[in-house]
Amino acid sequence: MKPINIALDGPAAAGKSTIAKRVAAKLSMIYVDTGAMYRAITYKYLQLNKTEDFSSLVQSSVLSLTYDEEKGQRVILDNQDVTDYLRENDVTNHVSYVASKEPVRTFAVEKQQELAEKKGIVMDGRDIGTVVLPEAELKVYMIASVEERAIRRQKDNELRGIQSNVEQLKQEISDRDQYDMNREISPLKKAEDAITIDTTGMSIEDVTNEILNLVSKF
Ligand code: DC
């Protein structure tokens, strides 16, 4: 197989990271979770008492990704491994706002494009097929019903020892989708040449196999 990049976009909690990780492992490719980058910047934004100076925020930030055999992608911000803080509610509730800011997007997109230069990357996010890697060989747009996404998120939370309410999760997921789809810069949308997979009712294995099947055509 020739080296390719795979762009995987879609709304919140559609299972993109779970699938991207599996596809990357099967194909010995590197998985890049771009949401984690926006979450790391959001973590710093909260530490800086919600500064509105987004240019200074990113200019003062040194952000890199490292890979741990066991733990997978780690996010290093200003010499600190912040990965374990990135799924906290406070970060989740502010990340769409922070990710809508132009300096933040420019900063993150540049890093993402650098990472993908050598190919062999499976990258998930909201604007990968449209803005970050418009030349990606394979683009997939993953969707699922809000109901199913909320239930999946609740199960994920349970595994992490966090109790959550499905109705509240549905509301939070829909709100985040609306924000991500309607922002001015790089809104969440399907690239024209992306293949849509509706994962509602599909198992992780089925979705993974469907993507591997698409890859096998290269
Ligand atoms: O995939 P995630 O839930 O970790 O993403 C968190 C937020 O980051 C999401 O609500 C929107 C933003 N995001 C983005 O704007 N562009 C990306 N490529 C990835 C994430």
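The values are calculated or read from the model by the stated rules, or taken from the named source; none is laboratory data. Just so it is clear, the structure is predicted and the values come from calculations on it, not from any experiment. Backbone-built Cβ (ideal geometry, glycine too); neighbour counts: all protein chains shown.
Tabulated results
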| quantity | calculated |
| --- | --- |
| The stretch 41-70 residues that are free of Cβ contacts under 8 Å to residues at least 24 places away in the same chain, paired with ones that are acidic (Asp, Glu) and away from the ligand (no atom under 16 Å from the Cβ) (beta carbon under 7 Å, 6 or more apart) | Val62/Asp78 |
| Neighbours by Cβ (under 6 Å, 6+ apart or cross-chain): first from the stretch 180-209, over 17 Å from Val146 (Cα atoms); second assigned to a loop (DSSP other than H, G, I, E, B) | Arg183/Ser100; Ser186/Asp127; Val207/Thr199 |
| The one condition in (1) without any contact (Cβ under 8 Å) to a residue 40 or more places away in the chain; (2) surrounded by fewer than 19 Cβ atoms within 10 Å (Cβ to Cβ) that Val75 fails to fulfil | (2) |
| Top-ranked residue of the stretch 1-43 - restricted to ones that are basic (Lys, Arg) and part of a helix (DSSP H, G or I), ranked as farthest from the ligand (Cβ to nearest atom) | Lys26 |
| Failed item in (1) charged (D, E, K, R); (2) more than 14 Å from the ligand (Cβ to nearest atom); (3) out of contact with any Ser or Thr (no Cβ under 6 Å at 6 or more places or on another chain); (4) at negative phi, with Asp78 passing the rest | (4) |
| Condition check for Tyr179: surrounded by 15 or more Cβ atoms within 10 Å (Cβ to Cβ), within 14 Å of the ligand (Cβ to nearest atom), more than 20 Å from Val32 (Cβ to Cβ) and not charged (D, E, K, R) | yes |
| Test for Ser164: is it within 13 Å of the ligand (Cβ to nearest atom), among the hydroxyl-bearing types (Ser, Thr, Tyr) and either surrounded by fewer than 18 Cβ atoms within 10 Å (Cβ to Cβ) or assigned to a loop (DSSP other than H, G, I, E, B) (or both) | no |
| Condition met for Ala99 (over 12 Å from the mean Cα position of the chain (by Cα), modelled with pLDDT of 95 or more and surrounded by 15 or more Cβ atoms within 10 Å (Cβ to Cβ)) | no |
| Qualifying residue in the stretch 199-218 (condition: touching a helix residue (DSSP H, G or I) at 6+ places or on another chain (Cβ under 6 Å), outside any loop (DSSP other than H, G, I, E, B) and within 12 Å of the ligand (Cβ to nearest atom)) | no |
